Amino acid sequence: MGLTIGVLAFQGGVIEHMTALKKAAASLQKNVTVIEVRSSAELESCDAGLVIPGGESTHLSRAARECGLLEPLRDYVKAKKRPVWGTCAGLIMLSEEASAVKQDGQELIGGLDVRVHRNHFGRQNESFMTNLDLEFLRSSNESSSPPFPAMFIRAPVVDKLLLPTTKAHDAEATPKEDAAVEVLAILPGRHASNKAAAAGELGSVSPEGAGDIIALRQGKVFGTSFHPELTDDIRIHEWWLQQILS
Ligand SMILES: NC(=O)CC[C@H](N)C(=O)O
């Protein structure tokens, strides 16, 4: 019997994530079934992991609440500690705190001990694509990896860590248990609205000029600010499958 991976299917890049996951599984010769998740029974069947796509986090939150899925999602991430990957709005949902939220606030799933800043780069028409050299995609003998085309659409960044951090690939700092946040990628040179850092707030990690955190992991919870499912490059999907299936 193969394993099952779900994609939360209220809105956003659901089909795109499912297609990329299937391609990645085929290229790794892994036997996985990829399903859409809209109910707690479907969520329960996802023994290997769940993807929460981008879209609009306020809508995702409301839809999850209305379908009675918010508590099961929290249980899946925090109590059962199953692997989860959130992209963009999905990253917002997986954060413990969010800033620049709507007046009435929004309910989050949590799991990542960070605060995200919503719509960090501005509006839809300020969306952009940039090439990233993602260290976590490199194999041990590579000093750089082929550029990854990263699409940022009303994207959030992590502007505050609520717990101490470790640096990815730093053996000394590798967390002994699932508690530490690992920063996996920083977008260089964009820092203007990082008020937490400018104010020298405890736990903030992007001092002026150091860039913004756009990919991170804490235990089995992985988040990216950008949208790997919207490009043809499936390396991050492959990497995630390798993490969760090994
Ligand atoms: N592309 C996206 O997922 C955008 C996220 C959106 N800014 C939100 O708050 O949910």
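Observations
- Restricting attention to segment 33-76 and to residues that are under 18 Å from the mean Cα position of the chain (by Cα) and among the hydroxyl-bearing types (Ser, Thr, Tyr), the residue that is surrounded by the most Cβ atoms within 10 Å (Cβ to Cβ) turns out to be Ser57.
- Residues located in segment 229-246, provided they are at pLDDT 95 or above and part of a loop (DSSP other than H, G, I, E, B): Thr231, Asp232, Asp233, Ile234
- Inspection of segment 1-14 identifies no residue that is within 24 Å of Trp239 (Cβ to Cβ), touching a Phe, Trp or Tyr at 6+ places or on another chain (Cβ under 8 Å), away from the ligand (no atom under 16 Å from the Cβ) and not in a strand (DSSP E or B).
- Qualifying residue in segment 138-159 (condition: on the phi < 0 side of the Ramachandran plot, basic (Lys, Arg) and in contact (Cβ under 8 Å) with a residue 60 or more places away in the chain): no
- When Ile109 is tested against (1) surrounded by fewer than 21 Cβ atoms within 10 Å (Cβ to Cβ); (2) within 16 Å of the ligand (Cβ to nearest atom); (3) in a loop (DSSP other than H, G, I, E, B), only condition (1) is not met.
- Among the numbered conditions (1) in contact with a helix residue (DSSP H, G or I) (Cβ under 8 Å, 6 or more places away or on another chain); (2) within 21 Å of Ile236 (Cα to Cα), the only one that Met18 does not meet is (1).
- Residue that is farthest from Thr58 (Cα to Cα), among those in segment 101-134 that are basic (Lys, Arg) and modelled with pLDDT of 95 or more: Arg115
This table checks each residue for (1) farther than 29 Å from Gln124 by Cα; (2) of a type in the set (Val, Ile, Thr); (3) in contact with a helix residue (DSSP H, G or I) (Cβ under 6 Å, 6 or more places away or on another chain).
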| site | (1), (2), (3) |
| --- | --- |
| Lys30 | yes, no, yes |
| Glu36 | no, no, no |
| Ser39 | yes, no, no |
| Leu50 | no, no, no |
| Pro53 | no, no, yes |
| Ala63 | no, no, no |
| Cys67 | no, no, no |
| Val77 | yes, yes, no |
| Ile92 | no, yes, yes |
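- Residue selected from segment 77-105 under the condition charged (D, E, K, R) and within 15 Å of the ligand (Cβ to nearest atom), by the criterion nearest to the chain's Cα centre (by Cα): Glu97
- Checklist (1) at pLDDT below 85; (2) surrounded by fewer than 18 Cβ atoms within 10 Å (Cβ to Cβ) applied to Pro147, failing item: (1)
The values are calculated or read from the model by the stated rules, or taken from the named source; none is laboratory data. Every value quoted in this text rests on a predicted model; they were computed, and no experiment measured them. As a convention, Cβ positions derive from the backbone with ideal geometry for all residues, glycine included, and neighbour counts pool all protein chains shown.
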